[in-house]
Structure formats: C-alpha cells, structure tokens
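Data first, discussion second: the structure below is written as structure tokens.
The values are calculated or read from the model by the stated rules, or taken from the named source; none is laboratory data. Remember, it's a predicted structure, so these values are computed and weren't measured experimentally. Every residue, glycine as well, gets a Cβ built from its backbone with ideal geometry; the counts of neighbours run over all protein chains shown. Each accessible area value is taken on the protein alone, full model and side chains, heavy atoms only, with ligands, DNA and RNA left out. Shrake-Rupley method; radii C 1.70, N 1.55, O 1.52, S 1.80 Å.
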Amino acid sequence: ILSGTIPIYYNSVQYNIPVEMFIPPKYPNEAPRLFVRPTSNMTVKHNHKHVSANGLVYLPYLHEWNASRATLVGLLEVASSMFSQEPPLFSKPP
C-alpha cells in the first residue's frame, strides 16, 4: 500500500487529496487500485463520476490499463487532472 496526497487545483486554489494505492501481486500486468481517503473533516462527494461512496477511483486509465504503456506516475497525473475538474472530496459542514 502506498499512501499520500495528490495535488489538485480547483478555482485556482491548490488542495491535496489523500489517497491510498494498492499494488497487486501481478503488477504491472494488473492495474493498481486507487482510493481517496477522506480525513475526519472530509467526505466523498455523493455520486462523483470517478469515485464510489467507499472511495474507490474509477478512471479510463485504470480500465484500459496496459503494462507496456501505463505507469503509477501516469495514473496519479490523470487522477490529479480529473479531480481538478471535479474534486472528489469536500469539507463536512461544522
């Protein structure tokens, strides 16, 4: 398991999205699984186009995973770009 944050830019402000990446035993022939992991004051956006309620990330990059072309860095770049268009997390109301 790799964990960290993905930087995104939404409305010209940088946010850091906490994530965990699970690398399967058959990597690179099998795609990794990426999850957003909200902190205690965050929640996953309801009905997000690319993130399930439990935080599992769905992206064409993962669905079309090809061991000869796809990389972990490439996955994170695509996730950052997609999440910058529609952030998967938001702050819980106080």
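Among the residues of the stretch 1-19, those that are open to solvent by 100 Å² or more (accessible area, probe 1.4 Å) and in contact (Cβ under 8 Å) with a residue 24 or more places away in the chain comprise Y9, Y15. From the list K26, K45, the lone residue that is open to solvent by 40 Å² or more (accessible area, probe 1.4 Å) and within 24 Å of S91 (Cα to Cα) is K45.
Return the only residue of L59, L75 being more than 18 Å from G4 (Cα to Cα), modelled with pLDDT of 95 or more and aliphatic (A, V, I, L, M). Break it down into steps so the answer makes sense when it comes.
Details: L75 fails: more than 18 Å from G4 (Cα to Cα).
Step by step, each of L59, L75 is checked, and only L59 is more than 18 Å from G4 (Cα to Cα), modelled with pLDDT of 95 or more and aliphatic (A, V, I, L, M).
With respect to V51, is the statement that it is surrounded by 11 or more Cβ atoms within 10 Å (Cβ to Cβ), within 10 Å of the chain's Cα centre (by Cα), more than 18 Å from S3 (Cβ to Cβ) and modelled with pLDDT of 95 or more true? Judged against the criteria, V51 is not a match.
Suppose the filter is open to solvent by less than 90 Å² (accessible area, probe 1.4 Å), in contact with a Gly (Cβ under 8 Å, 6 or more places away or on another chain) and not charged (D, E, K, R); does V36 pass it?
On the way: open to solvent by less than 90 Å² (accessible area, probe 1.4 Å): yes; in contact with a Gly (Cβ under 8 Å, 6 or more places away or on another chain): yes; not charged (D, E, K, R): yes.
Against the criterion (open to solvent by less than 90 Å² (accessible area, probe 1.4 Å), in contact with a Gly (Cβ under 8 Å, 6 or more places away or on another chain) and not charged (D, E, K, R)), V36 qualifies.
Looking across the stretch 57-76, the residues that are under 13 Å from V19 (Cβ atoms) and either open to solvent by 40 Å² or more (accessible area, probe 1.4 Å) or in contact with a His (Cβ under 7 Å, 6 or more places away or on another chain) (or both) come down to V57, L59, L72, L76. Can you spot a residue in the stretch 46-65 that is in contact with a Gly (Cβ under 7 Å, 6 or more places away or on another chain) and among the basic types (K, R)? No, the stretch 46-65 has no match at all.
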